[in-house]
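The block underneath contains the structure these notes are about, expressed in structure tokens.
What follows draws every value from the coordinates through simple rules; no lab data is involved. Model, not experiment: these values are computed from the prediction. Every residue, glycine among them, receives a Cβ derived from its backbone with ideal geometry; neighbour counts consider all protein chains shown.
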Ligand code: PLP
């Protein structure tokens, strides 16, 4: 039986949810954002929090002025909020970073040994470990067998870290984190979870699941103000050189010597991003409050999208394993006979729908699928049933009748010809963009 939406659980208010955008054939339409997995809009409450804090914006940790003191309090309070949101253990610290990529590169500089990774990862959780001893395990045909392969690799030779994604940024498939944490620990390793895609969709409790390190991005967590997080066990973070050398990361400097501060400050040199941190904390609070109904809502919408796509001839939905128990609201697919870039251009130009196309910074995974590129529709707290149906209708119309406009492509990027939407034509003939 198809699940139905709980009528009492409305979509969340997010910035841009009333945006109307031009269509190539003329007129405008409400923008349907299916690219939450790349960057999510700000929750209205997060944007309000930033507005509220802006007048007090001042230096953090460095000033006695009232605004400085308030900014410092907000920054440190944000650290506490993020720690509570993630169920941090007492020996875990929250380090503010720019994003997940930054957080993972930071940790890569602290790991005292090899890191084991799967070949399905986003490049951010694949490339940083290369510099310090990376061992890649190829995913098997089932998730169960993949976990066995990881166990074999971890047991065969000591590794310091198992680095896994919480949810695939391509297919949305969720990994069994508790099981993997137990496995890593049994083999004497620690576990890092790249939660860039999982955290916006599922609550994570580090203490309960045994996760040692976790990275996430504020801009994927409805707080697009430039902050991310690395959370993790203090000992490695304190033993490693600071991520960046500079002000704020030290306790004492002489012309010949430097005493580095302990984490988190050790790895937060330079002026902290107080607005980003406060926005992230506001998002954590909002997600805690809305958690269960929002997840139920997302499951219904994702199921509607998957089922709808499966019903359209020529659509292939991408999936890594047949036995994953849970998927977040990310659906990747291809359309027979159409390059993904052309489909994305068509959806944007003729239907005001924004999806992602390309290789999703996961080239090894796309190679496993045997495709050059794909399409990805990702949903979030502001997604509506109407938008899902619009996307399905637009894909079906493409498959049935083809596009109504001409498109040209080069290097994977496709554009309508002629481009009539303001701000997007190469020579500016269609008029200026609204805010450029
Ligand atoms: N990890 C995963 C699973 C992602 O999906 C992404 C971005 O899409 C990243 C890491 C990198 O995130 P950021 O670009 O915010 O550093």
Problem - Alpha-carbon centroid distance for the pair segment 306-344 / segment 160-209, whole angstrom - result: 24
Exercise for the section: Bin width 10 Å, alpha-carbon pairs only: give the P(r) of the chain as whole percents, running from 0 to the bin holding the largest distance. Expected result: 4, 20, 28, 25, 16, 5, 1, 0
Fill in the blank from the handout: The rounded separation in angstrom of the Cα centers of segment 25-40 and segment 389-409 is 15
Practice task
Compare the peptides 143-149, 162-168 by average per-residue count of other Cβ atoms within 10 angstrom and give them in order, highest first.
Solution key: 162-168, 143-149
Problem - Helix-only mean residue ellipticity at 222 nm for the chain, each DSSP H run of n ≥ 4 adding -39500 (n - 2.57), per residue, nearest 500 - result: -10500 deg cm²/dmol
Fill in the blank from the handout: A correct fewest-to-most ranking of 361, 138, 155 by other Cβ atoms within 10 Å would be 138, 155, 361
Exercise for the section: Order the peptides 60-66, 217-223 from the highest to the lowest mean number of other Cβ atoms within 10 Å of their residues. Expected result: 217-223, 60-66
Fill in the blank from the handout: Listed residues 291, 259, 71; largest mean-square fluctuation, Gaussian network over the chain with Cα springs below 10 Å, found at 259
Fill in the blank from the handout: Among 11, 255, 322, the residue with the largest mean-square fluctuation in a Gaussian network model of the chain built from Cα contacts under 10 Å is 255
Practice task
Note the angle between two axes, namely the Cα long axis of helix 274-310 and the longest principal axis of the Cα atoms of the chain, as a number of degrees from 0 to 90, rounded to the nearest 10.
Solution key: 40
Handout entry: Residue order, fewest to most surrounding Cβ atoms within 10 angstrom, among 127, 161, 150
Key = 127, 150, 161
Exercise for the section: Could you tell me whether segment 202-269 comes out rounded, prolate or oblate from its Cα gyration tensor? Rule is a ≥ b ≥ c as square roots of the eigenvalues, rounded for a/c under 1.5, then prolate if a/b exceeds b/c, otherwise oblate. Expected result: oblate
Problem - Per-selection metrics, segment 46-286 (Cα): Rg and Dmax in Å - result: 18.2, 60
Exercise for the section: Answer rounded, prolate or oblate for segment 250-298, using the Cα gyration tensor with square roots of eigenvalues a ≥ b ≥ c: rounded when a/c is under 1.5, else prolate when a/b is larger than b/c, else oblate. Expected result: prolate
Problem - q = 0.17, 0.23 Å⁻¹: log10 I(q)/I(0) that the Debye formula gives for segment 74-199, counting C-alpha atoms only - result: -0.90, -1.54
Exercise for the section: Give me 298, 268, 178 ranked fewest to most by other Cβ atoms within 10 Å of their Cβ, as a rough exposure proxy. Expected result: 178, 298, 268
Fill in the blank from the handout: Rounded to the nearest 10 degrees, the helix 66-85 long axis (Cα) sits at an angle to the longest Cα principal axis of the chain of 80
Exercise for the section: Please give the contour-minus-distance gain from residue 251 to residue 427: 0.36 nm per residue of separation, less the Cα-Cα distance, rounded to one decimal in nm. Expected result: 57.9 nm
Practice task
Name the most mobile residue of 152, 362, 345, meaning the one with the largest mean-square fluctuation, in a Gaussian network model of the chain with Cα contacts below 10 Å.
Solution key: 152
Problem - Spacing of the two label points (7 Å from each Cα toward its C-beta) at residue 373 and residue 51, in nm - result: 3.8
